[in-house]
Amino acid sequence: MTDHQPDPVPTRNLDTVHRRCDFCGDPHPLWTLHGGDLTAIAHGADTTLVNRYGERWAACATCHTLIQDRRFDHLSRHAASALGIASPRAFQHVAEFHRGFLEHLDPGRTILLTTTAWPATAIDPRTIPKIRDRLGRLYRNPHQLPPAFRPAAPAVADGLDRGHLIWIDSEFTDLADGASANLPELTVSRDLLPADDGLLVWSRPVGAQHAGAASWTRTRTGWDIVCYRTIGEGLHGTPLQRVREQVGWLLPMRVRSVTDNETIGGAAEAPATLATTWLLIAQELAELRPSAVSKAIRGTYARAGRAAPKVTIVSIRQRPAQSRSRADTLGTSRRPLAERVWVTPHWRNVAYGPRKTLRRPRWIDPFLRGPADSPIKASTTVRVLGSRPAQRPPDAGEKP
């Protein structure tokens, strides 16, 4: 851009940063490594170019696996192949750079990159207890996490252990994601949440952050809310196995502390889709049912002397296939409607609490307004009422 000065934004303030692996160029780096501080100097006939590579490099899961196994020759060959380097001389330079960085590698300063945008990973509700346990283990080793997540890590780990596990099916996810775009200001209080602590997983990424899951942990003054992205999609073999063992399925994107009875600013806030999901679960349109947990996970819990985990599936409550009509709510002072018209879905503030003195948004489904015996006004919009039959979630195929 030439019409204004650049306005830098620190990457620590961003949920997603587009990086590449500094070894092979993969678009999904997972780790930040600290090693040798390298600078390349190229002399030409009329100029000298200086390129400082620094001591901090990003590494994808495949390159990190090769580094952990100290297969440095394989690392250089993999990088050269991925970058399209065919010249033996160029390959020697690549290998030399890798050796210079890795000779001074400090394993104690290996940090997870939580800002990489990964393709969505489908999560089977039967595996959520295992996913929760991997996430809790990550919080109990917070030295791998970026500094922003470390202060709350012990409390979040404990909250995950005692929290409710919830999986939101595809139709309910679509509803929550769409409704959150117009969410008004909302007061967060204990009676809004389905439990004091919990981990909630949507069937697909939601919101502007493309979050795949969220957790909330009760604190002395309110809750710590963390949004997560799913990771590992597209990996295979040993790199995928290492990611599942060392990290798991979820990485924190952003943590937000909310005090009891605090008002959050609607759709612009990071936990908007989570708050919308809480609201919809509390309404009559939410149907809750238990999910089966995989036999392997049940056995793992039994051997550890832990109670069998419970996962709740949230779906849209089944309704009659016919449309529902409502009386004209505009009052008798207006002219009666000659036709029934569709009212689009929207939020409405409704009274609740002691003597109905409090207000909370409630999602209103589309409905027909007007006399029940009047014809429906013609429209080019196609509406589907009711709910499709529930489908069995996909099998993740992961071993314990």
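The table that follows gives values for the structure above.
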item	result
Search result, residues across segment 22-36 that are under 21 Å from the mean Cα position of the chain (by Cα) and of a type in the set (A, V, I, L, M, F, W, C)	Leu30, Trp31
Glu284, sole failed condition from (1) modelled with pLDDT of 90 or more; (2) more than 21 Å from the chain's Cα centre (by Cα); (3) not polar (S, T, N, Q)	(1)
Failed criterion for Leu235 (all others in (1) surrounded by 15 or more Cβ atoms within 10 Å (Cβ to Cβ); (2) farther than 24 Å from Phe149 by Cα; (3) under 17 Å from the mean Cα position of the chain (by Cα) hold)	(3)
Residue match in segment 108-119 (condition: closer than 28 Å to Ile168 by Cβ, in a helix (DSSP H, G or I), among the basic types (Lys, Arg) and in contact (Cβ under 8 Å) with a residue 24 or more places away in the chain)	no
Residue in segment 57-71 that is within 22 Å of Val243 (Cβ to Cβ) and among the basic types (Lys, Arg) present	yes
Selection within segment 189-244 - assigned to a loop (DSSP other than H, G, I, E, B), hydrophobic (A, V, I, L, M, F, W, C) and closer than 17 Å to Thr115 by Cα	Ala208, Ile231
Residue among Ile41, Ile67 that alone is of a type in the set (Val, Ile, Thr), touching a Leu at 6+ places or on another chain (Cβ under 8 Å) and at pLDDT below 90	Ile41
Any chance Gly248 is surrounded by fewer than 16 Cβ atoms within 10 Å (Cβ to Cβ) and not β-branched (Val, Ile, Thr)	no
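One line per residue, one yes/no per condition, for (1) at pLDDT 95 or above; (2) outside the structural domain of Leu274 (by TED's automatic domain parsing); (3) of a type in the set (Gly, Ala, Ser):
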| position | (1), (2), (3) |
| --- | --- |
| Pro142 | no, no, no |
| Ala155 | yes, no, yes |
| Leu160 | yes, no, no |
| Ile166 | yes, no, no |
| Asp177 | no, no, no |
| Asn182 | no, no, no |
| Trp202 | yes, no, no |
| Thr230 | yes, no, no |
| Pro239 | yes, no, no |
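The values are calculated or read from the model by the stated rules, or taken from the named source; none is laboratory data. Since this is a predicted model, take the numbers as computed values, not measurements. Methodologically, a virtual Cβ is constructed for each residue, glycine included, from the backbone with ideal geometry; neighbour enumeration extends over all protein chains shown.
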